[in-house]
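Each remark here refers to the structure printed beneath this line.
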Amino acid sequence: MKVVALISGGKDSCYVMLRCAAHGHEVVALAHIAPPSGTPEPDSHMYQAVGSAAVPALATALHLPLHVRETCANARVRKLHYAPQQGDEVEDLVLLLRDVIEAHPQVQAVCAGALWSDYQRLRVESAAARVGLMSLAYLWRRDQRELLDEMIATGLVAVLVK
């Protein structure tokens with residue numbers, strides 16, 4: 001399956017791409033939700049922004065096209081289950097995924113490095129379903145010690161930035 005990887009610049013969003021490949025999928029593009037201009041670390045319920053500056057370098061190193069959209073960083077719906085609402089930061093992801101599909105119509109799935117947040121997982125699943133993509137979450141609910149050992153064994157090098 002052709003996959004777009006949601007990438008934050010963090011180790012989990014990078015590692016999930018390796019898991020996709022191990023399951024026989026091909027990552028053909030990267031997608032990144034960037035913080036609003038002038039706000040390097042917004043108070044977002046959905047998106048990690050601290051590694052955003054590294055994302056273009058990751059795309060270059062991976063030789064993959066990068067699609068970026070700024071977030072409004074406004075969580076209007078804060079309940080666990082998400083119902084689409086205009087002006088919510090999840091809608092930024094829907095628009096980003098639509099941009100990716102327009103540029104790469106062969107994409108069938110989106111992968112994310114979500115580990116334990118039902119809030120994030122359910123929102124990624126909602127956005128993916130609404131644009132006709134399958135959501136892949138190969139790190140979901142993995143034992144964190146086991147997962148970290150696995151990452152180290154693959155040679156993943158992570159740099160603490162905050």
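The values are calculated or read from the model by the stated rules, or taken from the named source; none is laboratory data. The model shown is predicted, which means the values in this text are computed figures rather than measured ones. Here the Cβ positions follow ideal geometry from the backbone for every residue, glycine too, while neighbour counts run over all protein chains shown. SASA here: full protein model, heavy atoms, side chains in, ligands and nucleic acids out. Shrake-Rupley method; radii C 1.70, N 1.55, O 1.52, S 1.80 Å.
Structure above, values below:
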| item | result |
| --- | --- |
| Count of residues meeting criterion [among the acidic types (Asp, Glu), more than 16 Å from Glu91 (Cβ to Cβ) and either part of a helix (DSSP H, G or I) or in contact (Cβ under 8 Å) with a residue 24 or more places away in the chain (or both)] in the stretch 123-162 | 3 |
| Which numbered condition Val77 fails, given (1) in contact with an Asp or Glu (Cβ under 7 Å, 6 or more places away or on another chain); (2) in contact (Cβ under 8 Å) with a residue 24 or more places away in the chain | (2) |
| For Ala5: the one exception among (1) over 14 Å from Ala114 (Cα atoms); (2) surrounded by 19 or more Cβ atoms within 10 Å (Cβ to Cβ); (3) at pLDDT 95 or above | (1) |
| Residues of the stretch 13-24 satisfying the condition of being open to solvent by 30 Å² or more (accessible area, probe 1.4 Å) and either basic (Lys, Arg) or under 20 Å from Leu115 (Cα atoms) (or both) | Leu18, Arg19, Ala21, Ala22, His23 |
| Check on Arg130, surrounded by fewer than 19 Cβ atoms within 10 Å (Cβ to Cβ), touching an Asp or Glu at 6+ places or on another chain (Cβ under 8 Å) and basic (Lys, Arg) | no |
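Conditions tested, residue by residue: (1) among the charged types (D, E, K, R); (2) out of contact with any strand residue (DSSP E or B) (no Cβ under 6 Å at 6 or more places or on another chain); (3) closer than 25 Å to His23 by Cβ.
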residue: Ala53; (1), (2), (3): no, yes, no
residue: Ala57; (1), (2), (3): no, yes, no
residue: Val77; (1), (2), (3): no, yes, no
residue: Glu91; (1), (2), (3): yes, yes, no
residue: Ile101; (1), (2), (3): no, yes, yes
residue: Val110; (1), (2), (3): no, no, yes
residue: Gly113; (1), (2), (3): no, yes, yes
residue: Gln120; (1), (2), (3): no, yes, yes
residue: Arg130; (1), (2), (3): yes, yes, yes
